[in-house]
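Structure record follows, encoded as structure tokens.
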Amino acid sequence: MSKGNTLISTLFDDLTHLEINTIIKDGMVAAAPQNTVEDVAEKLLDRYLIKLRVIISRNDLELNTGVIDRLKDCYSFQRLDQALNYYTDVLDQEEERLAEKDYIIILRMKSFCAFVKSKGDSISVAIRDATANLNGKSGALNLYTVRIGQLATAAATRKAMLVIETRDKIKLKRFLDLGTESIVMQTRFALDGDVTTRIEKDFANQPKQLVIDSHDKSIEISIGYWKSIVTIVGNLFKSGLKR
């Protein structure tokens, strides 16, 4: 498939799938967002590791020891991916079950690891200074394999940087925005007109009108923005056909 066709396919997919998520976060602060994609990656790995340790502690299972050992030197998304795969494999073998909320978070972490792994060297690490301390490697590092902490340090001193497309940078920030919290309300719109709304069970039993109103407002804003984008794209196609 040509690059042009790939872009059209990607754009079509974006325009035909709309999803609005509402989450409730603890300890919200008015902190400035991370300025660089390397900072975002470091923050995301840190949050995943913290959450995974909380999940392990909360689900007191005998099989936890193996995954804890794998987290002692978990410096990359590759190492995190290996720990997560080990944990879920052992859970399946021992027929153990995590709390549903925790298992959903595990799947979200695995989804991100699968994303960065699938991108391979299309999200590569560019070494700008030979003194950059990145495992002594060059040309073969990417977001999946690189030591994230060392990358963030090297990026701060402009010795290295991630080479990443805008679309993937946005995806990375979306994963950070969603974080490791539970989604209490989620609404999906499909091209055929199907609308699916999911509500987290505990929240459904004790709904908060403020959250429901906020979700409804987000849907309204998102649909309005979506309509504007569809109109612009439609006009561009019409203009192209006339030519």
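The values are calculated or read from the model by the stated rules, or taken from the named source; none is laboratory data. What you are looking at is a predicted structure, and each value in this text was computed from that prediction instead of being measured. No Cβ is skipped: glycine too gets one built from the backbone with ideal geometry, and neighbour counts run over all protein chains shown.
The figures follow:
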read-out: Residue in region 122-138 that is surrounded by the most Cβ atoms within 10 Å (Cβ to Cβ), counting only those that are at pLDDT below 90 and not in a loop (DSSP other than H, G, I, E, B); value: 127
read-out: Residue check for residue 111: buried (at least 16 other Cβ atoms within 10 Å of the Cβ), at pLDDT 85 or above and not basic (Lys, Arg); value: no
read-out: Boolean, residue 147 is exposed (fewer than 11 other Cβ atoms within 10 Å of the Cβ) and more than 24 Å from residue 18 (Cα to Cα); value: no
read-out: Conditions (1) without any contact (Cβ under 8 Å) to a residue 24 or more places away in the chain; (2) exposed (fewer than 15 other Cβ atoms within 10 Å of the Cβ): number failed by residue 64; value: (2)
read-out: Check on residue 77, within 25 Å of residue 167 (Cβ to Cβ), surrounded by fewer than 18 Cβ atoms within 10 Å (Cβ to Cβ), in the same structural domain as residue 141 (by TED's automatic domain parsing) and in contact (Cβ under 8 Å) with a residue 40 or more places away in the chain; value: no
read-out: So residue 87, is it of a type in the set (Phe, Trp, Tyr) and in contact with a Phe, Trp or Tyr (Cβ under 6 Å, 6 or more places away or on another chain); value: no
read-out: Given (1) buried (at least 17 other Cβ atoms within 10 Å of the Cβ); (2) within 25 Å of residue 179 (Cα to Cα), index of the condition residue 85 fails; value: (1)
read-out: Meets criteria (surrounded by 11 or more Cβ atoms within 10 Å (Cβ to Cβ), under 30 Å from residue 36 (Cβ atoms) and either aromatic (Phe, Trp, Tyr) or modelled with pLDDT of 85 or more (or both)) for residue 161; value: yes
read-out: Residues of region 222-232 classified as surrounded by fewer than 11 Cβ atoms within 10 Å (Cβ to Cβ) and aliphatic (A, V, I, L, M), total; value: 1
read-out: So residue 189, is it of a type in the set (Phe, Trp, Tyr) and part of a helix (DSSP H, G or I); value: no
